[in-house]
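Below is one structure, written out as structure tokens, with a few remarks after it.
The values are calculated or read from the model by the stated rules, or taken from the named source; none is laboratory data. These numbers come from a predicted model, not from an experiment. Cβ coordinates were reconstructed from backbone atoms using ideal geometry, including for glycine residues, and neighbour counts include every protein chain displayed. Side chains included, ligands, DNA and RNA excluded: accessible areas come from the protein's heavy atoms. Shrake-Rupley method; radii C 1.70, N 1.55, O 1.52, S 1.80 Å.
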Amino acid sequence: MTNAEARPIRTAKALSDSVDRAVAETPIIDMHTHLYAPAFGSLLLWGVDELVTYHYLIAEVLRTDRSVSPGEFWAMTTPQRADHIWRVLFVENEPISEARRGVLTTLKQLGIAPGPNGLAEAREYFRDVTVEQHVDTVLRLSNVSSAVMTNDPFDDAERAVWLSGPEMDPRFRAAMRIDPLLNAWDTAVPKLKAMGYGVSPVFTQATYDEVRRFLDDWADRMDPLYLAVSLPSDFAYPAGDARSRIIANCVLPFCRERGLPFALMVGVKRLVNPDLRLAGDSVGKWDMNVLDRLCAENPEVRFLVTVLARENQHELCVTARKFPNLLPFGCWWFLNNPSLILEMTRMRVELLGFSFVPQHSDARILDQLVYKWEHSRAAIATVLKEKYADLMATGWPLTDGDIRRDVEQLLGGNLRAFAG
Ligand code: HDL
Ligand code: ZN
């Protein structure tokens with residue numbers, strides 16, 4: 001620690017500057033995204049037309065201009081959808097929502113002139129940009145050192161890339177996602193059989209063994225940071241259903257023996273409006289007695305958990321106080337808004353100290369890393385300043401080095417330690 005880092009912080013301005021520097025300069029491990037390394041080709045979405053047709057904006061445009069039906073919208077090409085969204089949500093109405101503001105933050109950071117002509121200007125900017133150049137630009141601007149992907153062995157296009165032995169960019173890490181296995185067993189059986197796993201719809205030991213072999217094969221291939229699943233708000237365990245049987249007989253032993261954390265992302269109400277497709281999912285409150293049981297019955301398994309309902313956030317913090325094998329993470333999806341990031345981060349610091357992962361971007365389009373992390377860093381810094389000021393009021397000698405250590409723990413260290 002240098003002399004400057006060891007010197008106690010004495011004023012509000014010194015505190016504010018120290019937090020801003022640490023939060024801006026600390027590289028981030030973004031532990032949940034839908035991005036892909038460039039080796040995965042068109043699976044990696046990037047550029048302004050993808051950015052403007054993000055499903056969050058589709059939900060907003062369909063409610064803002066009801067003269068265009070979902071069917072008419074889906075009949076458009078991506079550029080036509082982007083033109084429509086830009087006109088309705090940015091030109092004819094104020095781009096004031098978090099998803100709209102995010103697009104503008106990204107354009108600003110890319111040096112594109114803000115204003116009603118922004119879409120055209122951005123298309124000009126991207127004309128001569130390669131995906132490799134843009135990956136470098138976006139990771140630099142967002143100061144993300146590692147983006148964790150969402151990798152689905154059941155996805156035919158993605159599986160083909162993995163089987164081709166892709167040259168992986170070390171800045172992208174895998175997370176093995178098993179939603180089809182746990183949420184759609186009936187359709188997973190024929191897919192597993194087609195992949196060469198001798199499973200049957202009936203749960204015999206042989207089926208459990210083959211599911212386990214599938215998990216091991218794909219973990220060997222992907223080298224995932226964790227195993228993940230998104231679960232509905234009515235997720236119950238044990239429930240005597242296919243999901244519970246596979247979790248108990250395959251997933252938990254697999255995680256325990258391989259030392260892989262199990263990431264639970266719980267609270268989705270799938271397709272409450274199917275016409276909106278990916279934008280049609282909603283949120284529901286989860287009975288978190290289930291989490292108590294999972295953590296208590298599996299002390300050797302490490303659980304990474306994020307929950308979608310605002311009403312579940314306090315319970316998640318209290319449950320984390322009960323179980324050291326539980327690490328809460330992120331302000332997920334409908335919670336990824338400054339007002340809720342502030343609320344959740346304050347609650348987490350007060351109940352958990354710095355033993356949590358404050359955020360993940362959930363970015364679907366590469367460019368979103370820029371805005372999702374600019375906006376989240378600002379909210380996290382705001383809370384840190386408040387909490388450090390409260391600490392200093394006790395007379396505790398706080399230094400710049402302390403703050404750097406804490407921020408590194410929050411933005412990468414906790415995950416690295418938990419994921420082993
Ligand atoms: O299941 C998930 O990982 C969610 O994040 C969904 O992908 C959701 O559609 C989303 O993109 N949320 O931000
Ligand atoms: Zn996601």
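Filtering the range 372-411 to residues that are away from ligand 2 (no atom under 16 Å from the Cβ), part of a helix (DSSP H, G or I) and either under 26 Å from TYR56 (Cα atoms) or β-branched (Val, Ile, Thr) (or both) leaves GLU374, HIS375, ARG377, ALA378, ALA379, ILE380, ALA381, THR382, VAL383, ILE403, VAL407, LEU411.
Selection of first residues in the range 262-274 that are touching a residue at least 40 places away in the same chain (Cβ under 8 Å) and of second residues that are more than 10 Å from ligand 1 (Cβ to nearest atom) and in a strand (DSSP E or B), restricted to Cβ pairs under 6 Å at least 6 apart or on distinct chains, gives the following pairs, ordered by first then second residue: PHE262/LEU227; PHE262/PHE303; ALA263/LEU304; LEU264/VAL305; VAL266/VAL307; GLY267/VAL283; GLY267/VAL307; VAL268/PRO232.
Evaluating ALA417 against the criteria (1) of a type outside the set (D, E, K, R); (2) over 30 Å from TYR36 (Cβ atoms); (3) touching a helix residue (DSSP H, G or I) at 6+ places or on another chain (Cβ under 9 Å); (4) open to solvent by 60 Å² or more (accessible area, probe 1.4 Å) leaves one unmet condition, (2).
Does ASP292 fit the bill of being open to solvent by 30 Å² or more (accessible area, probe 1.4 Å) and assigned to a helix (DSSP H, G or I)? Criteria met by ASP292.
Considering the conditions (1) touching a strand residue (DSSP E or B) at 6+ places or on another chain (Cβ under 8 Å); (2) open to solvent by less than 30 Å² (accessible area, probe 1.4 Å), THR26 is excluded by exactly one of them, (1).
The residue of the range 247-261 that is most open to solvent (accessible area, probe 1.4 Å), among those that are free of Cβ contacts under 8 Å to residues at least 60 places away in the same chain and not aliphatic (A, V, I, L, M), is GLU257. Within the range 163-191, being open to solvent by 20 Å² or more (accessible area, probe 1.4 Å), under 17 Å from ILE247 (Cβ atoms) and without any contact (Cβ under 8 Å) to a residue 60 or more places away in the chain holds for ARG177, ASP179, PRO180, ALA184, ASP186.
The single residue among LEU35, LEU51, LEU43 that is in contact (Cβ under 8 Å) with a residue 60 or more places away in the chain, open to solvent by 30 Å² or more (accessible area, probe 1.4 Å), within 16 Å of ligand 1 (Cβ to nearest atom) and under 19 Å from the mean Cα position of the chain (by Cα) turns out to be LEU43.
When residues in the range 228-248 are screened for being of a type in the set (A, V, I, L, M) and within 16 Å of ligand 1 (Cβ to nearest atom), 3 of them pass. Scan the range 328-358 for residues that are open to solvent by 40 Å² or more (accessible area, probe 1.4 Å), closer than 20 Å to ARG405 by Cα, of a type in the set (S, T, N, Q) and in a helix (DSSP H, G or I) and jot them down. Once the filter is applied, which keeps residues that are open to solvent by 40 Å² or more (accessible area, probe 1.4 Å), closer than 20 Å to ARG405 by Cα, of a type in the set (S, T, N, Q) and in a helix (DSSP H, G or I), the range 328-358 yields nothing.
Can you work out which of the residues in the range 348-367 that are touching a helix residue (DSSP H, G or I) at 6+ places or on another chain (Cβ under 7 Å) and within 16 Å of ligand 1 (Cβ to nearest atom) is farthest from GLU132 (Cα to Cα)? Among those residues, the one meeting the criterion is VAL357. Number of residues in the range 295-320 that are of a type in the set (Asp, Glu) and either part of a strand (DSSP E or B) or within 29 Å of GLU257 (Cβ to Cβ) (or both) equals 2. In the set ASP83, ASP17, only one residue is out of contact with any Gly (no Cβ under 9 Å at 6 or more places or on another chain), more than 16 Å from ligand 1 (Cβ to nearest atom) and without any contact (Cβ under 8 Å) to a residue 24 or more places away in the chain; that residue is ASP17.
In the set LEU260, LEU291, LEU264, only one residue is under 23 Å from GLY420 (Cα atoms) and within 16 Å of ligand 2 (Cβ to nearest atom); that residue is LEU264. Each residue in the range 65-90 was checked for being surrounded by 15 or more Cβ atoms within 10 Å (Cβ to Cβ) and under 30 Å from SER376 (Cα atoms), and 11 pass. Annotation: of all residues in the range 113-138 being without any contact (Cβ under 8 Å) to a residue 24 or more places away in the chain and farther than 26 Å from PHE40 by Cβ, the one that is surrounded by the most Cβ atoms within 10 Å (Cβ to Cβ) is GLU121.
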